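**Student:** The following block contains the structure, expressed as structure tokens.
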Amino acid sequence: MPTRQLTRSKTNKIVAGVAGGIAAYTGFDLSLTRLITFLVVLLTGIGPILYIAAWIILPEEGSATTGLDKIISSIKSHTSNDNPHPGDLR
């Protein structure tokens, strides 16, 4: 039996694919999952933080890298290319 993994959906997404990924993983109706996700984000204080965290932490469907991996590699490439010598302000 293949192992299921919670991922962000590539095809069923409005913002980041978090609700689409949750619906696919749980087998719940996509519209109901979107409604619940929207209400949690809108009506709770921690909802937006949870959504953004899921956006960063969950890999996109078919990918092994997470949003956090992409952010870190982007920061590394910018810092190493823009200023190869950190003390050099030329």
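Computed from the coordinates by the stated procedures, all read-outs in this text should not be read as laboratory data. These figures come from a predicted structure and were not determined experimentally. Quick reminder, even Gly has a Cβ in these numbers, built from the backbone with ideal geometry, and neighbours come from all protein chains shown.
**Student:** Taking neighbour counts of Cβ atoms within 10 Å as a proxy for exposure, in what order, fewest first, do Ser9, Ser63, Ser77 appear? Spell out each step's value before the answer.
**Tutor:** Numbers: Ser9 21, Ser63 13, Ser77 10.
Result, fewest neighbours first: Ser77, Ser63, Ser9.
**Student:** Under a Cβ-Cβ cut-off of 14 Å, what is the net charge of the residues other than Ser63 that fall near it, where Lys and Arg count +1 and Asp and Glu count -1? If you can, show how the numbers build up before the last one.
**Tutor:** Numbers: positive: Arg8, Lys10, Lys13, Lys70; negative: Glu60, Glu61, Asp69.
Counting the neighbours of Ser63, the net charge comes to +1.
**Student:** Based on C-alpha coordinates, I'd like the Rg and Dmax of the range 18-81, in Å.
**Tutor:** In Å, with Rg to one decimal and Dmax whole: 14.6, 46.
**Student:** Also, I was wondering about something else. Compute the length gained on full extension between Val15 and Leu68: take 0.36 nm times their separation in residues and subtract their Cα-Cα distance, giving the result in nm to one decimal. If you can, show how the numbers build up before the last one.
**Tutor:** Values: separation 53, 0.36 × 53 = 19.08 nm, distance 1.69 nm.
Additional length available on full extension: 17.4 nm.
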